[in-house]
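The values are calculated or read from the model by the stated rules, or taken from the named source; none is laboratory data. Remember, predicted model here, so these are calculated numbers, not experimental data. For neighbour counting, all protein chains shown are included, and Cβ atoms are generated from backbone atoms with ideal geometry for every residue, glycine included.
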Amino acid sequence: IENLEDLLKEKDNQVDMARARLTAMQAHHCSSEGALSSLEEAIGDKEKQMAQLREQRDRAEQEKQEERELHERELAEYKMKIHALESE
């Protein structure tokens, strides 16, 4: 009977250790999931920021192009006026 009691105590200890390991693994899994979701959220935020920056860049390039075209038209008009004045 003593042998069986010792064996039972040993098995109880093994079960307690297995429970502790399971709890630790579950805690690690939860923290890993939390870290993963935080990283996914951060990546999503960065992608949104990148999209916004691309849109800003595209708008700035469009404005620059429009301004350049305006200056080219004005320059052409001034050249025509100079040519007209020289012809007089």
Only listed residue being at pLDDT 95 or above, assigned to a helix (DSSP H, G or I) and not hydroxyl-bearing (S, T, Y), chosen from L22, L36, L75: L75
Residue among N3, N13 that alone is part of a helix (DSSP H, G or I) and loosely packed, with under 10 Cβ neighbours inside 10 Å: N3
